[in-house]
Amino acid sequence: MKRNKIALIGSGNIGTILALLSVLRNLGDVVMYDIVEGMPQGKALDLSHLMPVLGCDCEVVGTNNIADIKDANVCIVTSGLPRKPGMTRDDLLKVNGEIISGIAESIKEYAPSAFVIVITNPLDAMAYLMQKRSGLPANMVVGMAGVLDSSRYRFFLAQKLQVSVNSVSAFVLGGHGDTMVPVRSYTNCAGIPVSQLLSSEDLSPIEERVKKAGGEIVGLLKTGSAFMSPAASAIRMAESYLFDKKELLPCSAYCSGEYGAENIYLGVPVILGAKGVEKIVEIALTDEEKKALEKSLQAVQSLVSKLEM
Ligand code: TXD
């Protein structure tokens, strides 16, 4: 029984945590790819030396040859530049678009059956570009953002309510940017609607902090962006695919009419299983949430229209 093969395309901050979590959670063999000579090889060796300590058994290799992703079951893509203070995610469109286009061609050539999770920003536009350039089926290409943004929402609510994060369920939909939509009407604490537990005066600042949470970390780190929580969020998505868990998760997925979104990637509730995106779940939103989602869709459409396809 062959182990799964996890290809990490980009072995920087997030890629390193992805590799560590993949090994610790026994997802399969790991290939760490990057363009920096020797860097993925060094990190793969270091990670291999960890395995006897923690009792992990898998193969981890580092490479500068993209062909080594051959036949990967899952490709997680972080290749690209992160934001610097003062930059928006959209400022990365051109430079990361070129990188993602190249990676997409390589995935098409070497791992056309893979489930591809894009992390690189600007996320929704990069996921769209990945699917179009690779030609992989749309259900096998997703973007990671909603799981992270929803986790941020859950954390801030749990902190305010002084409850376990496990008791808080939250949804953040739409584009991964300032227009993202914390869906208050589907956010609850042990089934209790959060609007029955906290006032709007308490909830609105939390929701605004969720939207700016990435920038808050960039401002503090100065030389990079969030990397541990994005990695954990992508691993959650990869596990739902690899283990056919059919989790209902907010992901940037290809929409063909759902939520009024046509031929675009947008953060929506999806069921992730062995067939990739198995279903996009349409939920009833309040008028305010519908307006906010429409605004977010327009922001993503505007960014995608600037891509050189
Ligand atoms: O929620 C989300 N989706 C976001 C995504 C959360 C946080 C970070 N977000 C974005 O992920 C961020 O704006 C970046 O676009 C990516 C990766 O962030 P990371 O923090 O991992 O950036 P690093 O540490 O700079 O790593 C990027 C690696 C680096 O090692 C480069 O050498 C490599 O990408 N790189 C390439 N690898 C392969 N091929 C090419 N062409 C290439 N160019 C750079």
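Okay, here's what the table says:
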quantity: Viscosity 1.567 mPa s, 4 °C: Kirkwood-radius Stokes-Einstein D of the chain over Cα pairs, µm²/s; calculated: 66
quantity: Column: log10 I(q)/I(0), Debye, Cα scatterers of region 60-150, q = 0.11, 0.24, 0.26 Å⁻¹; calculated: -0.29, -1.22, -1.35
quantity: Calculated FRET efficiency for the pair D244/L50, C-beta based, R₀ 30 Å, to 0.05; calculated: 0.60
quantity: Debye equation applied to the C-alpha atoms of region 104-199, log10 I(q)/I(0) at 0.18, 0.21, 0.25 Å⁻¹; calculated: -0.80, -0.93, -1.14
quantity: Reachable lysines from K291, criterion Cα separation under 20 angstrom, eight or more residues apart if same chain; calculated: K211, K212
quantity: Kirkwood hydrodynamic radius of region 145-232, from inverse mean 1/r over distinct Cα pairs, in Å; calculated: 13.2
quantity: Nearest-ten-degree value, helix 287-305 long axis tilted from longest Cα axis of the chain; calculated: 40
quantity: Extension gain (nm, one decimal) between E288 and E308, 0.36 nm per residue minus Cα-Cα; calculated: 3.9 nm
quantity: Nearest 10 degrees, 0 to 90: helix 93-110 Cα axis against the chain principal axis; calculated: 50
quantity: Spatial separation of Cα centroids for region 10-66 and region 148-182, in angstrom; calculated: 30
quantity: On Cα atoms only, tilt of 146-161 relative to the major axis of the chain in degrees; calculated: 50
quantity: Rounded to 5, percent antiparallel among DSSP beta bridges of the chain; calculated: 50
quantity: Packing rank of 171-180, 291-300, 82-91, where each peptide gets the mean count of other beta carbons within 10 Å, highest leading; calculated: 171-180, 291-300, 82-91
quantity: Burial ranking of peptide ranges 251-257, 266-272 (average Cβ count within 10 Å, highest at the top); calculated: 266-272, 251-257
quantity: Helix-only CD estimate at 222 nm, as mean residue ellipticity for the chain, using -39500 (n - 2.57) per DSSP H run (n ≥ 4); calculated: -13500 deg cm²/dmol
quantity: Surface accessible to a 1.4 Å probe, per residue, for the residues of region 171-228, Å²; calculated: 48
quantity: Difference of contour (0.36 nm per residue) and Cα-Cα distance, R25 to L81; calculated: 17.4 nm
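The values are calculated or read from the model by the stated rules, or taken from the named source; none is laboratory data. Since this is a predicted model, take the numbers as computed values, not measurements. Don't worry about glycine lacking a Cβ; one is built from the backbone with ideal geometry, like all the others, and counts go over all protein chains shown. Just so you know, the surface numbers come from the protein's heavy atoms only, side chains and all, with ligands and any DNA or RNA stripped out. Shrake-Rupley method; radii C 1.70, N 1.55, O 1.52, S 1.80 Å.
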